[in-house]
1. If I take R0 = 22 Å and measure r between the Cβ atoms of F20 and S52 in this structure, what FRET efficiency does the formula 1/(1 + (r/R0)^6) give, to the nearest 0.05?
2. Hey, with R₀ at 25 Å, roughly what FRET efficiency would E162 and Q13 work out to, going by the Cβ-Cβ distance, to 0.05?
3. Give the separation of the Cα centroids, the stretch 106-142 to the stretch 37-103, in Å.
4. Among the GluC sites (Glu not before Pro) within the stretch 1-97, which fall in a DSSP loop and have no more than 12 other Cβ atoms within 10 Å of their own Cβ?
5. Please report the relative contact order for the stretch 39-187, taking Cα pairs under 8 Å with a sequence separation of at least 6, and give it as a percent rounded to a whole number.
6. Which of rounded, prolate, oblate describes the stretch 1-124, given a ≥ b ≥ c as roots of the alpha-carbon gyration tensor eigenvalues and a/c under 1.5 marking rounded, otherwise prolate only if a/b is larger than b/c?
7. For the stretch 1-151, what is the percent of antiparallel DSSP beta bridges, rounded to the nearest 5?
8. Give the carbon-plus-sulfur fraction of the accessible surface of the chain in %, rounded to a whole number; probe 1.4 Å, heavy atoms of protein chains only.
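The values are calculated or read from the model by the stated rules, or taken from the named source; none is laboratory data. All of these numbers come straight from a predicted model, not from anything done at the bench. All Cβ positions, even for glycine, are placed from backbone atoms using ideal geometry, and neighbour counts span all protein chains on display. The area values use the complete protein model at the heavy-atom level, side chains included, leaving out ligands, DNA and RNA. Shrake-Rupley method; radii C 1.70, N 1.55, O 1.52, S 1.80 Å.
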Amino acid sequence: MSESLPVATIRTQVTVPLRFPDGYATTARLFTFDNLVDGREHIAFALGEPNSGTVPLVRPHSECLTGDVFGSQRCDCGPQLREAVQRIAEVGGYLLYLRQEGRGIGLYAKLDAYALQDAGLDTYEANVALGHAEDERDYSVAAQMLAALGVGPIAVLSNNPEKTEQLSRLGVTVTEQVPTGVFLSPANADYLAAKASRAARTADLPFVR
């Protein structure tokens with residue numbers, strides 16, 4: 001049974017040209033919203049145009065200031081964001097940029113967790129040691145945003161089955177979960193291994209893409 005959510009509405013729509021450090025460029029329509037349940041400023045990027053008869057490809061991407069903006073090698077967030085924009089633009093769909101830093105615990109707490117990881121804890125153990133759940137992200141706003149945009153069935157671009165499960169519980173019809181690439185580096189190997197083992201991700205670490 002789907003969970004009932006308040007109705008969100010589109011506040012603003014603007015067109016923004018995008019260019020990434022590697023030179024890839026595309027154009028997105030950005031949407032802001034009113035009445036999102038957590039009151040945060042989440043943004044939807046509409047990219048490309050879905051082909052007739054196909055469902056849009058959607059990536060719910062949680063904000064990562066260190067990875068998305070500054071290219072931190074301690075995670076794979078920046079490369080996943082870059083990959084998602086291009087893959088969605090090629091087939092049509094949406095990138096939902098969700099303000100849920102550090103799996104929902106916030107930027108400062110995420111950096112506190114990094115310090116605990118340096119002392120030997122994995123990324124999930126560090127969150128728990130700080131008094132948080134392993135993952136506090138909630139995709140209710142993603143479901144609200146999709147409804148406000150008038151989006152029906154979707155394919156979810158993610159290695160995290162929890163995203164698909166939450167969206168399905170929230171009434172979103174998910175036809176397929178499409179895996180992302182695995183962006184392995186010496187600095188994030190332990191992080192990716194923890195994600196694969198502790199969160200039932202579909203990542204296969206030997207294959208780097």
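1. Details: r = 29 Å, r/R0 = 1.31.
According to the calculation, E is roughly 0.15.
2. Between E162 and Q13 the formula returns 0.25.
3. The distance from the Cα centre of the stretch 106-142 to that of the stretch 37-103 comes to 20 Å.
4. Sites meeting the loop and neighbour criteria: E3, E41.
5. Working: 236 pairs, mean separation 40.3, N = 149.
Once normalised by length, the contact order is 27 percent.
6. oblate
7. 75 percent
8. Carbon and sulfur: 54 percent of the exposed surface of the chain.
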